[in-house]
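Note sheet for the following structure.
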Amino acid sequence: MEQRQSWQRCLRHRPLKLQLMAAGLALLLTACGGGSKGSRALTATIAPTATTIPTPTPAPTATMTPTPTLSPAQIAARFKASTQQVTVADIAKDPNFYQGANIQFGAIILNFVQDSSGDTVGANVYDPNDETSVIQIVFSPLLDITQINRGDVINVWRQGLGAASGQNAFGANITEGVVQEFYLHDETTGYSDAP
């Protein structure tokens, strides 16, 4: 009886595989007449073991990193830092070379340019070191035209548009370099349309 209890204790604390092996050995010994003196039957009790069911791990979710919002002044500073310093003479000599390029240059306002409805939309400007080099700038909608004057020294940041052709006030066909103004600073008055 004591041997039976020790087997049962042992079987309760072993994994299922060992329990099955012990039960098979006990049956074999019993069938062959082995075991202790006096052929007593050896019985084994197999206790069911608890099985753990794996729980699904939730899929990781992407965490969105917020994109920092730049202030208008930061945007202007970044753009200005990305420009190439040129002269009006450079643009006038080969306007198509600067088409699409972010450029910065200094100039003097020669006169203002109006559209067909009479609104001032730009200005002809010349190089401070070469009065014969003239290009046209197209003003940004943010520019306050009342703050700039003919003869003012200005700095312009923007993109070259290449060459444009048209008729002047006397009916002659002319071609000149054109730049779309993005930021303008008037050195004479201190006005700036950049934030």
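Every number here is computed from the coordinates shown, using simple stated rules; none is lab data. What you see is a predicted model; the values in this text were computed from it and never measured. Positions of Cβ are generated from backbone atoms using ideal geometry, with glycine treated the same way; all protein chains shown enter the neighbour counts.
Protection proxy ranking, highest mean first, for peptides 153-162, 105-114: 153-162, 105-114, where packing is the per-residue count of other beta-carbon atoms within 10 Å, averaged. Each label point was placed 7 Å from the Cα along the Cα-to-Cβ direction; for Gln180 and Ser71 their separation is 2.7 nm.
For Leu110, neighbours were defined as the other residues whose beta-carbon sits under 13 Å from its Cβ, and their charges (Lys and Arg +1, Asp and Glu -1) total -4.
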